Amino acid sequence: MSGWYELSKNAQGLHHFVLKAANGLVILRSETYATAAGARGGVASVQVNAPHDERYTLLTSQDGKPYFNLKAANGEIIGTSQMYVSSGARQTGIDSVKTNGPSRDVREV
């Protein structure tokens, strides 16, 4: 089983998506989009950009926790990871996005 995307809409009517690994854990969260079509475009961008090492920006939060952003070729952030306990765990997260990002399984929730 591979990962999948879940598209949803919040109480304000804005759309977003998450990428889930095969075990059901969220590995990437998108920004919010005004339309479902915008969120679907974000999914398409992850599908294209996830396999490319140069699209990942490694970051550290103010409290010292590692995380990453996935960026499109134009430099815009497509998604952000969770906070990790170590840089090794962050790399495992990146590897999971690389593996699961190309998934064509998109679900509306």
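Bear in mind these aren't lab numbers, they're just calculated from the coordinates by the rules spelled out. What you see is a predicted model; the values in this text were computed from it and never measured. Cβ coordinates were reconstructed from backbone atoms using ideal geometry, including for glycine residues, and neighbour counts include every protein chain displayed.
A few points about this structure:
- Selection from the range 59-70 of residues that are within 19 Å of V26 (Cβ to Cβ) and surrounded by 12 or more Cβ atoms within 10 Å (Cβ to Cβ): L59, K65, P66, Y67, F68, N69, L70
- Restricting the first member to the range 87-107 and to residues that are under 15 Å from T57 (Cα atoms), and the second to residues that are among the hydroxyl-bearing types (S, T, Y) and surrounded by fewer than 16 Cβ atoms within 10 Å (Cβ to Cβ), the beta-carbon pairs closer than 9 Å and six or more apart or on different chains are S87/T60.
- Residue that is surrounded by the most Cβ atoms within 10 Å (Cβ to Cβ), among those in the range 14-32 that are touching a residue at least 12 places away in the same chain (Cβ under 8 Å) and over 10 Å from the mean Cα position of the chain (by Cα): H15
- Counted residues, the range 1-47 - those being of a type in the set (A, V, I, L, M), farther than 22 Å from A89 by Cβ and in a helix (DSSP H, G or I): 5
- T35 farther than 24 Å from S2 by Cβ, out of contact with any Cys (no Cβ under 9 Å at 6 or more places or on another chain), surrounded by fewer than 16 Cβ atoms within 10 Å (Cβ to Cβ) and free of Cβ contacts under 8 Å to residues at least 12 places away in the same chain: no
- Members of the range 77-86 that are surrounded by 12 or more Cβ atoms within 10 Å (Cβ to Cβ) and either in a helix (DSSP H, G or I) or out of contact with any Gly (no Cβ under 9 Å at 6 or more places or on another chain) (or both): I77, T80, M83
- For the range 49-74, taking the residues that are in contact with a helix residue (DSSP H, G or I) (Cβ under 9 Å, 6 or more places away or on another chain) and assigned to a helix (DSSP H, G or I), the one that is nearest to K20 (Cα to Cα) is identified as N49.
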